[in-house]
Amino acid sequence: MVYPRAFSGKPTRPSLRRMVGAYARAVENTALPRTAAFFDLDKTVIAKSSTLTFSKSFYQGGLINRRAVLRTAYAQFVFLAGGADHDQMERMREYLSALCKGWNVQQVREIVAETLHDLIDPIIYDEAVSLIEEHHAAGRDVVIVSTSGAEVVEPIGRLLGADRVIATRMAVGGDGCFTGEVEYYAYGPTKAEAIKELAASEGYDLERCYAYSDSVTDVPMLESVGHPHAVNPDRALRREAVSRGWPVLVFNRPVRLKQRVPALSMPPRPALMAAAAVGAAAATAGLVWYASRRRASAGAAMSATSM
């Protein structure tokens with residue numbers, strides 16, 4: 001169970017459904033049931049691991065040493081070569097959560113903000129951006145669902161114009177630094193659980209929703225919706241997709257958003273944050289963060305009622 005943080009910064013124990021309702025009630029859509037498209041991030045929307053991509057920047061910022069840079073580079077190679085299996089993901093989670101213990105959260109945020117466009121913009125798949133545009137045009141919310149930490153995923157979500165983000169969260173101490181403990185890990189079945197709770201609170205009809213991922217570890221997420229898609233799948237997911245008759249998509253055209261669609265390179269229109277707290281981090285530092293983006297069809301009328 002995910003225990004989001006209230007704005008006071010103290011842990012609370014309400015359900016995710018109650019938390020989202022409390023903070024996102026200002027934007028309502030009476031035309032229920034609504035629908036959404038859920039996107040895994042790494043190797044689905046972007047060509048690399050979002051967390052590992054920042055390793056050089058973290059080194060330059062003094063957060064990690066050269067040995068850690070080499071180790072994350074190797075992890076990136078394994079990830080790109082064929083995807084990491086469950087055991088590899090668990091070892092990576094343990095290593096990265098221990099690595100970022102003691103990191104100052106604000107420094108991590110600043111490093112990500114300063115290097116986001118240079119590192120992430122060039123590796124976003126053109127095909128993924130097209131799908132995001134199509135789903136928005138059809139009136140669907142777009143939700144990024146990633147195992148990477150919120151301090152990495154949240155800005156990428158804004159860059160893409162996503163409506164919501166589900167990511168991982170690490171505990172933050174009173175000194176503003178990561179403690180090394182993972183509060184919430186958005187991985188495997190927990191992704192599916194978060195999607196179902198979000199659907200219940202937002203009124204999504206999951207049978208009419210879409211989901212996209214490259215990894216067999218995301219089968220629970222994919223099978224939770226009516227329209228699952230395998231994107232650049234690892235071998236295990238490809239077999240699963242073929243056996244279940246799921247569409248298999250190949251994305252292979254990275255594109256700079258500024259060159260393709262300038263509007264998408266800007267932060268989305270004023271959004272309502274429905275996250276209970278800022279707190280989370282690089283790697284498997286986790287968080288469930290929600291930002292409600294004003295729907296284009298609502299225009300000025302919705303703008304007047306969203307705050």
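When the residues of segment 228-258 are narrowed to those that are farther than 23 Å from Ile124 by Cα and of a type in the set (Gly, Ala, Ser), which ends up least open to solvent (accessible area, probe 1.4 Å)?
Within segment 228-258, the subset farther than 23 Å from Ile124 by Cα is 236, 239-246.
After this cut, where a residue has to be of a type in the set (Gly, Ala, Ser) as well, the list is 236, 241, 243, 245.
On the way: Ala236: 33, Ala241: 0, Ser243: 89, Gly245: 63 Å².
Top of the filtered list is Ala241.
Among the residues of segment 212-229, count how many are among the β-branched types (Val, Ile, Thr) and touching a Cys at 6+ places or on another chain (Cβ under 7 Å).
Selection size over segment 212-229: 1.
Any residue in segment 170-184 that's closer than 18 Å to Ser146 by Cα: show its pairings with residues that are not small (Gly, Ala, Ser) and not in a strand (DSSP E or B) at Cβ separation under 6 Å, as long as the two are six or more apart or on different chains.
Val182/Thr284; Tyr184/Val2
Have a look at Ala199, Ala192 and point out the one that is over 15 Å from the mean Cα position of the chain (by Cα), surrounded by fewer than 23 Cβ atoms within 10 Å (Cβ to Cβ), aliphatic (A, V, I, L, M) and within 17 Å of Arg164 (Cα to Cα). Give the steps one after another, and end with the answer.
Details: Ala192 fails: over 15 Å from the mean Cα position of the chain (by Cα).
The unique qualifying residue is Ala199.
Taking segment 135-176 on its own, how many of its residues are open to solvent by 10 Å² or more (accessible area, probe 1.4 Å), assigned to a strand (DSSP E or B) and touching a Cys at 6+ places or on another chain (Cβ under 9 Å)?
Here the count works out to 0.
Please pick out the residue among Ser130, Ser97 that is modelled with pLDDT of 85 or more and among the small types (Gly, Ala, Ser). Walk me through how you get there before you give the answer.
Numbers: Ser97 fails: modelled with pLDDT of 85 or more.
Going through Ser130, Ser97 in turn, the sole match is Ser130.
State yes or no: is Val219 within 19 Å of the chain's Cα centre (by Cα), closer than 27 Å to Arg253 by Cβ and part of a helix (DSSP H, G or I)?
So Val219 fits the description; yes.
Within segment 213-227, does at least one residue satisfy the condition of being crowded, with 23+ Cβ neighbours inside 10 Å and more than 25 Å from Glu151 (Cα to Cα)?
Among the residues of segment 213-227, at least one is crowded, with 23+ Cβ neighbours inside 10 Å and more than 25 Å from Glu151 (Cα to Cα), which makes the answer yes.
The values are calculated or read from the model by the stated rules, or taken from the named source; none is laboratory data. In this text the structure is predicted, and so the values were computed from the model without any measurement. Counting neighbours? That spans all protein chains shown, and the Cβs are built from the backbone with ideal geometry, glycine included. Just so you know, the surface numbers come from the protein's heavy atoms only, side chains and all, with ligands and any DNA or RNA stripped out. Shrake-Rupley method; radii C 1.70, N 1.55, O 1.52, S 1.80 Å.
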